[in-house]
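The values are calculated or read from the model by the stated rules, or taken from the named source; none is laboratory data. Just so it is clear, the structure is predicted and the values come from calculations on it, not from any experiment. Cβ atoms come from the backbone with ideal geometry, glycine included; neighbour counts cover every protein chain shown.
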DNA sequence: TACTAAAACAGTAATTATTACTGATTAAAA
DNA sequence: TTTTAATCAGTAATAATTACTGTTTTAGTA
Ligand SMILES: [Mn+2]
Ligand SMILES: [Mn+2]
Ligand SMILES: [Zn+2]
Ligand SMILES: [Zn+2]
């Protein structure tokens, strides 16, 4: 895995962990995953590298409707399902930026990207008949 | 302005302030706006009421790509431009939920809404020729 | 390889955003 | 009215994130 930026053992570890993960982990989740095998790792290092990696476009920072920021190793522009019941974040692989841009008519702003969270009840929560009247 | 929930002077003030505002203020901005005319108002009361008002669907809580939550007195489903240079949030009035729903094919999840932030350089920042290579 | 400078580290402190607690006040219900 | 429940202000606590500091690691160069 190429960093294209200054190397450190920790930076490589953190990037590898995010790339491997499919569940859009938080900084703290990444830290907890790596800590057992790397006891000297500090949470500050995780935060610092997540910020650096995202400004270098190696990863994407996701703001979700509630809770801490999440991180995504898939840097292709794509969008997310967000379950309002269990807060799970899943990729919406079938929606493309070109589809979204189609719904505009001549915005005055210069558009540089989209963040789309599709609020939903995920399959699993739906099976469990979650009462959803309290949410939103 | 009807509350349809327990009344308090502070609750009414806060709701009125959000409804009046066009700029999607943060809790702290609302507090600062109201404090001079209401010296006894506490920030905790602002947070508590913002949470209550949004669970009662009187207002909407907005998560933005960075910074604290913002609040919106317009509860019609609508979407936002978010300037990556100055963090300004503007309504995207021309995009409808039905337009967004069109771009799906049979999601497994039960969709309950969308949060779309259109990342952009706003008109004003664009005029000022903001260098944008450092962003995103 | 050895030297130097820059970057990154761990550990900790500080800051920001938000929520929880407590005893006093206000609103709603009886 | 009297009673009960909700809300308040003020404060403390928690969660998320960033900043600081002295040490270690990496990178550039002789
Ligand atoms: Mn993703
Ligand atoms: Mn709005
Ligand atoms: Zn779920
Ligand atoms: Zn701007």
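Brief remarks follow.
- Answer residue from the range A:51-78, given it is in contact with a helix residue (DSSP H, G or I) (Cβ under 8 Å, 6 or more places away or on another chain) and more than 16 Å from DNA strand C (Cβ to nearest atom) and is farthest from the other protein chains (Cβ to nearest Cβ) among those: A:73
- Flag for residue B:37 being in a helix (DSSP H, G or I) and more than 30 Å from residue A:109 (Cα to Cα): no
- When residues in the range B:121-136 are screened for being within 26 Å of residue A:83 (Cα to Cα) and either modelled with pLDDT of 90 or more or more than 7 Å from every other protein chain (Cβ to nearest Cβ) (or both), 0 of them pass.
Matching residues to (1) under 23 Å from residue A:21 (Cβ atoms); (2) at pLDDT 95 or above; (3) over 16 Å from the mean Cα position of the chain (by Cα); (4) part of a loop (DSSP other than H, G, I, E, B):
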residue	(1), (2), (3), (4)
A:66	yes, no, no, yes
A:85	yes, no, yes, yes
A:91	yes, yes, no, no
A:104	no, no, yes, yes
A:108	no, no, yes, yes
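- Check on residue B:100, in a helix (DSSP H, G or I) and within 9 Å of another protein chain (Cβ to nearest Cβ): yes
- Of the residues making up the range A:79-95, those that are farther than 16 Å from residue B:112 by Cβ and either more than 10 Å from every other protein chain (Cβ to nearest Cβ) or surrounded by 14 or more Cβ atoms within 10 Å (Cβ to Cβ) (or both) are A:91, A:93, A:95.
- Among the residues here, residue B:39 does not qualify as within 23 Å of residue A:116 (Cα to Cα), more than 14 Å from chain A (Cβ to nearest Cβ) and more than 16 Å from ligand 4 (Cβ to nearest atom).
- Candidates B:111, B:100, B:30 - the one that is under 30 Å from residue A:81 (Cβ atoms) and either within 16 Å of ligand 1 (Cβ to nearest atom) or buried (at least 19 other Cβ atoms within 10 Å of the Cβ) (or both): B:100
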